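The values are calculated or read from the model by the stated rules, or taken from the named source; none is laboratory data. Treat the numbers as computed from the prediction; the structure is a model and nothing was measured. So basically every Cβ, Gly included, is an ideal-geometry build from the backbone, and we count neighbours across all protein chains shown.
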Amino acid sequence: MNTGLTNRRIRSLAIDPLTPTTLYAITGLDVFRYGVVSASKSVIQLKIGSRTMYVDGSPVALEAAPIILNSRTLLPIRAIVEATGGTIAWEASTRKVTIVRKDKTLELWIGKNVATLNGKSVNIDTDSRVVPIIRSGRTLLPLRFVTEALALDVQWNATTQAITITYTP
């Protein structure tokens, strides 16, 4: 399995006690996860700067490539939301994005560091500069905040600048 861990010094290994088929390798700077993804799980793979994401290995075009801004990944989230079975709506008058997936309703506003999740106010990030933005006519949202709010598992590989999202359809 090639996961970007070649020629790296491993400082420690850990087996997830709740999921014994998952092994974590810690290098000091990064954490790599190795595990068996069950047949009931789906995987989305993205890379900073690439306008193609892969859903269970099949390519899907993105409106714009993911970017890093203020040390956070932002991207047009529609393709991810729809791939995971959710819906997304834009309200131009209030500059609000509403995402619905399973039992979660997430509302975010352009330029605001506060969102609502199922009607409850939540901060998007400890860094107040991390907010939804519009760039080149595209709405870009903070990936980790959105995916975790929707109960999706997200992993970041700093070496390859790759993002892996695992979820149950």
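Residues checked against (1) under 15 Å from the mean Cα position of the chain (by Cα); (2) within 22 Å of TYR167 (Cβ to Cβ); (3) surrounded by 12 or more Cβ atoms within 10 Å (Cβ to Cβ):
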{"position": "ILE80", "(1), (2), (3)": "yes, yes, yes"}
{"position": "ALA83", "(1), (2), (3)": "yes, yes, yes"}
{"position": "GLY86", "(1), (2), (3)": "yes, yes, yes"}
{"position": "ARG101", "(1), (2), (3)": "yes, yes, yes"}
{"position": "LYS112", "(1), (2), (3)": "no, no, yes"}
{"position": "SER121", "(1), (2), (3)": "no, no, no"}
{"position": "PRO132", "(1), (2), (3)": "yes, yes, yes"}
{"position": "PRO142", "(1), (2), (3)": "yes, yes, yes"}
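Within the set of pairs 6+ apart or on separate chains, which have a first residue in the stretch 56-77 that is at positive phi, a second that is in a strand (DSSP E or B), and C-beta atoms under 9 Å apart?
ASP56/SER42; ASP56/VAL43; ASP56/ILE44; GLY57/VAL43; GLY57/GLN45
I'm trying to understand the selection: among the residues of the stretch 144-169, which are under 8 Å from the mean Cα position of the chain (by Cα) and either in a strand (DSSP E or B) or over 14 Å from LEU46 (Cβ atoms) (or both)?
Matches in the stretch 144-169: PHE145, GLU148, ASP153, VAL154, GLN155, ILE163, THR164, ILE165.
Condition check: without any contact (Cβ under 8 Å) to a residue 24 or more places away in the chain, polar (S, T, N, Q), more than 28 Å from SER42 (Cα to Cα) and outside the structural domain of ILE26 (by TED's automatic domain parsing). Does THR126 satisfy that?
Yes.
Return the residues of the stretch 74-113 that are part of a strand (DSSP E or B), within 13 Å of PRO132 (Cβ to Cβ) and of a type in the set (S, T, N, Q); say none if nothing qualifies. Working first, answer last.
Step one: list which residues in the stretch 74-113 are part of a strand (DSSP E or B), which gives 74-75, 87-91, 96-101, 104-109.
Next, from what is left, pick out any that are within 13 Å of PRO132 (Cβ to Cβ): 74-75, 88, 90-91, 96-99, 106-109.
Correct list: THR98 only.
Could you list, in sequence order, all residues of the stretch 97-121 that are touching a residue at least 12 places away in the same chain (Cβ under 8 Å), of a type in the set (A, V, I, L, M) and more than 14 Å from ARG144 (Cα to Cα)?
VAL97, ILE99, VAL100, ILE110, LEU117
Mind listing just one residue for me: the one in the stretch 38-50 that is over 11 Å from ILE165 (Cα atoms) and of a type in the set (A, V, I, L, M, F, W, C) and, of those, modelled with the highest pLDDT?
Once the filter is applied, the top-ranked residue is ILE48.
Any chance you could count how many residues in the stretch 78-96 are without any contact (Cβ under 8 Å) to a residue 24 or more places away in the chain and either polar (S, T, N, Q) or not assigned by TED's automatic domain parsing to the domain that holds SER128 (or both)?
3
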